[in-house]
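The values are calculated or read from the model by the stated rules, or taken from the named source; none is laboratory data. Being a predicted model, the structure only gives us computed values, none of them experimental. As a convention, Cβ positions derive from the backbone with ideal geometry for all residues, glycine included, and neighbour counts pool all protein chains shown. Only protein heavy atoms, including side chains, enter the accessible area calculation; ligands, DNA and RNA are left aside. Shrake-Rupley method; radii C 1.70, N 1.55, O 1.52, S 1.80 Å.
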Amino acid sequence: MDEHQATLPLPPGPPAAALAAGPGALVMPRWWAALQVFLVSGIPTQLAAASAVAFGAGIPLIDPASGGIAFEFIAVVSLVDTALIALLIRLFLILSSEQSGPVFVGTRPIKGEVLLGLALLPVAFLAVTGVVLLIRAVAPGLHTVSKSPFEAYMASPLTAGIFLLVAVLAGGVREELQRGFILHRFEQRLGGVRLGLALFTILFGALHVDQGLDVAIAVGLLGLFWGVMYIRRQSVVLSMVNHASFNAAQVLQAVLARTLGA
């Protein structure tokens, strides 16, 4: 018998483009990847968390003393939203047969990423301050908020401590998990990581408009930096540590300024 006749025909393999798209891409339609990105973006989860906290937990939305949004409401909604985002990301990775480690940590030593993230804190802090001052000098009309809405939450050590916790977890941890996951899905199925970086940078800056247009632009550029770090290093550790420490430094700066009467 001719050996060529004895060879069983093999089924055609997946196209090279699909293999290059990354883990999970072979079984993931684009609409499903887009839906995951939308659900993890924070918009639907924050609405769900706010509804649950207001109607389910009975925590009031408005502070009767100040007339603004109650601190307890913001803190609880932010922490609930952080948990929802983490659970959704884990669920979506399981459904696409992916592990969290390769997506969020990569192969770089964690200790080195942590130390580098801390070392870059002064750079991030000075960069944001410089951009804000430059915008106010060149385009003062973009300074639309004279006083940060979060300064009211520094009235006591207790509220400042809770706000510090929220800033680290809901800011540094949640937002970098979001950024890493969304960029990962864009790289796989939604037009490439650069498109994802551009869109998420715009969204990230827009979500800080309540602090002023100048601050939103500066924070948006900082988010761009964190996104580039994730793409280059294939790890959220550096960005997460830098983001969390940046938020913590801002809270401590506000507490110090309030203490000194500045």
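Here are a few things to note about the model shown:
- Any hit, the range 48-65, residues being under 30 Å from Ala152 (Cα atoms), of a type in the set (Ser, Thr, Tyr) and free of Cβ contacts under 8 Å to residues at least 40 places away in the same chain: yes
- Cβ-Cβ under 8 Å pairs, at least 6 apart or on other chains, the range 91-105 side within 15 Å of Gln188 (Cα to Cα), far side of a type in the set (S, T, N, Q) and part of a loop (DSSP other than H, G, I, E, B): Leu93/Gln99; Phe104/Ser235
- Residue list for the range 28-77, restricted to those being charged (D, E, K, R) and either assigned to a helix (DSSP H, G or I) or open to solvent by less than 30 Å² (accessible area, probe 1.4 Å) (or both): Arg30, Glu72
- Residues of the range 88-111 satisfying the condition of being assigned to a loop (DSSP other than H, G, I, E, B) and closer than 17 Å to Val241 by Cβ: Val105, Gly106, Arg108, Pro109
- For the range 185-243, the set of residues classified as within 18 Å of Pro102 (Cβ to Cβ), over 12 Å from the mean Cα position of the chain (by Cα) and of a type outside the set (A, V, I, L, M) consists of Arg185, Phe186, Glu187, Gln188, Arg189, Gly196, Arg232, Arg233, Gln234, Ser235, listed by residue number.
- Selection from the range 88-145 of residues that are open to solvent by 60 Å² or more (accessible area, probe 1.4 Å) and closer than 30 Å to Pro44 by Cα: Arg90, Leu91, Ile94, Leu95, Ser97, Gln99, Pro102, His143, Thr144
- Yes/no for Val80 being β-branched (Val, Ile, Thr), open to solvent by 40 Å² or more (accessible area, probe 1.4 Å), at pLDDT 90 or above and outside any loop (DSSP other than H, G, I, E, B): yes
- Contacts under 7 angstrom Cβ, first residue in the range 146-170 being closer than 21 Å to Ile43 by Cα, partner charged (D, E, K, R) and open to solvent by less than 60 Å² (accessible area, probe 1.4 Å), 6 or more apart: Ala170/Asp81
- In the range 176-211, the residues that are without any contact (Cβ under 8 Å) to a residue 12 or more places away in the chain and buried (at least 22 other Cβ atoms within 10 Å of the Cβ): none
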